[in-house]
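Notes to accompany the following structure.
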């Protein structure tokens, strides 16, 4: 998928260092730049994320530049439009996609994309956006920034894929008795926030009247119960005092649980995801390891987040390059039932 992957402190240093080629740029949100580089022979698309990861370190500023291989193609498109114009994806073996992490159209886009790829094709991806909980222009190419858009990279190379999160039930199951897109209005026929608040305050020392909502909610996501599978995690973003807005949609009458975690179980889950990813790559040579990890996992683990990166690296040879992003939502088709948009989850691609 990529020929080589490099880290740069600034966009200017990237522009000075490269002569030509097609690149994916992943930029940390505190990186300062006034304009996009325009250089003859240089083609790129990219996105802004809360943080980037390179060689087991996280960065709040700087960028990763991944040069596409000759067997890979890059597209940038309106997330609301059909994907059938992307002819190169029909015969691809792997896809990396970046979507506007705060868009309400993510699911329709991903479902459309999934119908067009071969059955054996693996997808890994990330939701772009800043850690402000506000939708902004975060996807770009060498000409301009885009809103409600997506980047799709299709490759003839196969990848290994592993997905785990490590969250456990705190309270539930509950029925989502009323919802609209990404807003849960009622759980068990009561105001969703009241149910959520009471459950957490009953089993912790946290209080919503003295602590900002998101400081609590990132530690207590909502898990969608799925038959014979792990929870699909949904991160609560905000509340109006009655309903709860989450990242990713839920259907009415879904069964959910309020989740909690132990730090060591989050770290262990990341290691298991790495092992699954490496094993599914088979005996093929490993070029590098791409990590798409939720920014909330970083915030929850805090100073222990480096242990998660070390746990992932242990699944590979010491010299293997680990790189990626802390994201606003994670994407993978790790099972045979289709593609998913995850929250609070660790997604690992072995390239």
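The values are calculated or read from the model by the stated rules, or taken from the named source; none is laboratory data. Bear in mind that the values here come from a model prediction, so they are computed numbers and not experimental data. Cβ coordinates were reconstructed from backbone atoms using ideal geometry, including for glycine residues, and neighbour counts include every protein chain displayed.
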Review point. Given 285, 332, 315, 270, which one is more than 21 Å from residue 199 (Cβ to Cβ), more than 18 Å from the chain's Cα centre (by Cα) and crowded, with 19+ Cβ neighbours inside 10 Å?
Key: 315
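Every residue in the range 202-226 that is closer than 17 Å to residue 131 by Cβ and not in a loop (DSSP other than H, G, I, E, B), please. Show your work before the answer.
Filtering the range 202-226 for residues closer than 17 Å to residue 131 by Cβ gives 212-219, 221.
If the condition is that a residue be closer than 17 Å to residue 131 by Cβ and not in a loop (DSSP other than H, G, I, E, B), then 213, 214, 215, 216, 217 are the ones that fit.
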Review point. Among the residues of the range 6-29, how many are closer than 30 Å to residue 314 by Cα and either outside the structural domain of residue 307 (by TED's automatic domain parsing) or exposed (fewer than 14 other Cβ atoms within 10 Å of the Cβ) (or both)?
Key: 1
Review point. Is the range 288-295 home to any residue that is under 25 Å from residue 201 (Cβ atoms) and not in a helix (DSSP H, G or I)?
Key: yes
**Study point:** Condition broken by residue 262, with the remaining ones in (1) crowded, with 21+ Cβ neighbours inside 10 Å; (2) closer than 30 Å to residue 188 by Cβ; (3) out of contact with any helix residue (DSSP H, G or I) (no Cβ under 6 Å at 6 or more places or on another chain) satisfied
**Key:** (1)
Review point. Being closer than 22 Å to residue 181 by Cβ and at pLDDT 90 or above, is that true of even one residue in the range 89-97?
Key: yes
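Restricting attention to the range 265-288, report how many residues are touching a helix residue (DSSP H, G or I) at 6+ places or on another chain (Cβ under 8 Å) and under 28 Å from residue 227 (Cβ atoms).
Keep residues of the range 265-288 that are touching a helix residue (DSSP H, G or I) at 6+ places or on another chain (Cβ under 8 Å), which gives 266-268, 270-271, 273-274, 286.
Now drop any that are not under 28 Å from residue 227 (Cβ atoms), which leaves 266-268, 270-271, 273-274.
Count: 7.
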Review point. Considering only residues of the range 35-77 that are part of a loop (DSSP other than H, G, I, E, B) and under 17 Å from the mean Cα position of the chain (by Cα), which is surrounded by the fewest Cβ atoms within 10 Å (Cβ to Cβ)?
Key: 60
**Study point:** Subset of the range 109-139 (residues that are without any contact (Cβ under 8 Å) to a residue 24 or more places away in the chain and over 23 Å from residue 23 (Cβ atoms))
**Key:** 115, 119, 132
Practice item. Please find, among 113, 147, the residue that is at pLDDT below 95, crowded, with 23+ Cβ neighbours inside 10 Å and either out of contact with any strand residue (DSSP E or B) (no Cβ under 6 Å at 6 or more places or on another chain) or outside the structural domain of residue 332 (by TED's automatic domain parsing) (or both). Key: 113
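Just wondering, is there one or more residues in the range 79-91 that are within 28 Å of residue 314 (Cβ to Cβ), touching a helix residue (DSSP H, G or I) at 6+ places or on another chain (Cβ under 8 Å) and buried (at least 18 other Cβ atoms within 10 Å of the Cβ)? Break it down stepwise before answering.
Initially, the range 79-91 is screened for residues within 28 Å of residue 314 (Cβ to Cβ), giving none.
No: the range 79-91 contains no residue that is within 28 Å of residue 314 (Cβ to Cβ), touching a helix residue (DSSP H, G or I) at 6+ places or on another chain (Cβ under 8 Å) and buried (at least 18 other Cβ atoms within 10 Å of the Cβ).
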Point to revise | Test: residue in the range 317-325 that is touching a strand residue (DSSP E or B) at 6+ places or on another chain (Cβ under 7 Å), in a helix (DSSP H, G or I) and outside the structural domain of residue 230 (by TED's automatic domain parsing) | key: no
Practice item. Could you grab me the full set of residues in the range 227-250 that are under 21 Å from the mean Cα position of the chain (by Cα) and assigned to a loop (DSSP other than H, G, I, E, B)? Key: 229, 230, 231, 248, 249, 250
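Of the residues 201, 194, which is free of Cβ contacts under 8 Å to residues at least 40 places away in the same chain, surrounded by fewer than 18 Cβ atoms within 10 Å (Cβ to Cβ) and either over 30 Å from residue 123 (Cβ atoms) or under 24 Å from the mean Cα position of the chain (by Cα) (or both)? Break it down stepwise before answering.
Details: 194 fails: free of Cβ contacts under 8 Å to residues at least 40 places away in the same chain.
Testing whether each residue is free of Cβ contacts under 8 Å to residues at least 40 places away in the same chain, surrounded by fewer than 18 Cβ atoms within 10 Å (Cβ to Cβ) and either over 30 Å from residue 123 (Cβ atoms) or under 24 Å from the mean Cα position of the chain (by Cα) (or both) leaves just 201.
Give the range 17-34 a look and list any residue that's in a strand (DSSP E or B) and under 27 Å from residue 293 (Cα atoms), or say none. Show your work before the answer.
Quick first cut of the range 17-34, residues in a strand (DSSP E or B) only: 21-28.
Residues satisfying the conditions are 22, 23, 24, 25, 26, 27, 28.
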